[in-house]
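Worksheet for the structure shown next.
The values are calculated or read from the model by the stated rules, or taken from the named source; none is laboratory data. Because the structure is a prediction, the values reported are computed rather than measured. Don't worry about glycine lacking a Cβ; one is built from the backbone with ideal geometry, like all the others, and counts go over all protein chains shown.
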């Protein structure tokens, strides 16, 4: 399938963006979760500005990657594949059917965690610590989605110079995460 140049350029741009977002998320994830994020650590946020900045960076990067994947790259890819795009839930259903995401329920669980991390931040440190630790567990799922979508775009020949990014990326390990069945 041949793409119009506008769609091809958009796909290429979005893939570059999500790869950079993965790099940044991995860096922050590694630094923040060197030890489990407990309610005790959450209490330190008020007195440890470095920890607070790492939490803010993690929440921002986790949320941004999920938004870019789900709200921008996925619809663009579906359109390029000739799939009908629609509401986010419909796009997620198609993505699950095509093997780009493991499940819609998992994606929605990640979205709910994102909302907890943002909205409950100041009020309930137990909810925050639990949401952060759960989100940490979903980082690999976001990386796997990135891997699946990028592989599809590359397989179809819609991506140029991805190899150059992989070779120069400090965190190219996103491409060695074991793919889940069906992806």
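When you look at residue 62, is it within 16 Å of residue 118 (Cα to Cα) and touching a residue at least 60 places away in the same chain (Cβ under 8 Å), yes or no?
Numbers: within 16 Å of residue 118 (Cα to Cα): yes; touching a residue at least 60 places away in the same chain (Cβ under 8 Å): yes.
For residue 62, the condition - within 16 Å of residue 118 (Cα to Cα) and touching a residue at least 60 places away in the same chain (Cβ under 8 Å) - is met.
Looking at the range 11-28, can you tell me whether even one residue there is crowded, with 16+ Cβ neighbours inside 10 Å, more than 14 Å from the chain's Cα centre (by Cα), closer than 17 Å to residue 149 by Cα and touching a residue at least 60 places away in the same chain (Cβ under 8 Å)? Taking every residue of the range 11-28 in turn, at least one turns out to be crowded, with 16+ Cβ neighbours inside 10 Å, more than 14 Å from the chain's Cα centre (by Cα), closer than 17 Å to residue 149 by Cα and touching a residue at least 60 places away in the same chain (Cβ under 8 Å). Scanning the range 90-124 for residues that are assigned to a helix (DSSP H, G or I) and over 26 Å from residue 155 (Cβ atoms) turns up 105, 108, 109, 111, 112, 113, 114, 115, 116, 117, 118, 119. Selection of the range 98-108 for residues being in contact with a helix residue (DSSP H, G or I) (Cβ under 7 Å, 6 or more places away or on another chain), buried (at least 17 other Cβ atoms within 10 Å of the Cβ) and closer than 16 Å to residue 151 by Cα yields 100, 101, 102.
Per the listing 7, 68, the residue uniquely more than 20 Å from residue 114 (Cα to Cα), in a helix (DSSP H, G or I) and in contact with a helix residue (DSSP H, G or I) (Cβ under 9 Å, 6 or more places away or on another chain) is 7.
Yes or no: the range 153-163 includes at least one residue that is closer than 19 Å to residue 26 by Cβ, modelled with pLDDT under 95 and surrounded by 16 or more Cβ atoms within 10 Å (Cβ to Cβ). Please lay out each step first, then the result.
From the range 153-163, those closer than 19 Å to residue 26 by Cβ are 162; that's our starting set.
Subsequent filtering for residues that are modelled with pLDDT under 95 retains 162.
When the remaining residues are screened for being surrounded by 16 or more Cβ atoms within 10 Å (Cβ to Cβ), the result is 162.
Yes, the conditions are met somewhere in the range 153-163.
Pairs meeting the criteria (first residue in the range 99-128 and touching a residue at least 24 places away in the same chain (Cβ under 8 Å) and on the phi > 0 side of the Ramachandran plot, second residue assigned to a loop (DSSP other than H, G, I, E, B) and surrounded by fewer than 18 Cβ atoms within 10 Å (Cβ to Cβ), beta carbons under 7 Å, at least 6 apart or on different chains) are 99/182; 99/183.
A count restricted to the range 71-89 and to residues that are assigned to a helix (DSSP H, G or I) and surrounded by fewer than 15 Cβ atoms within 10 Å (Cβ to Cβ) stands at 2. For the range 42-64, what are the residues that are in a helix (DSSP H, G or I) and out of contact with any helix residue (DSSP H, G or I) (no Cβ under 7 Å at 6 or more places or on another chain)? Answer for the range 42-64, where residues must be in a helix (DSSP H, G or I) and out of contact with any helix residue (DSSP H, G or I) (no Cβ under 7 Å at 6 or more places or on another chain): 46, 49, 50, 53, 56, 60. Of all the numbered requirements in (1) surrounded by 15 or more Cβ atoms within 10 Å (Cβ to Cβ); (2) within 17 Å of residue 136 (Cα to Cα); (3) within 17 Å of the chain's Cα centre (by Cα), residue 95 misses one, and that requirement is (2).
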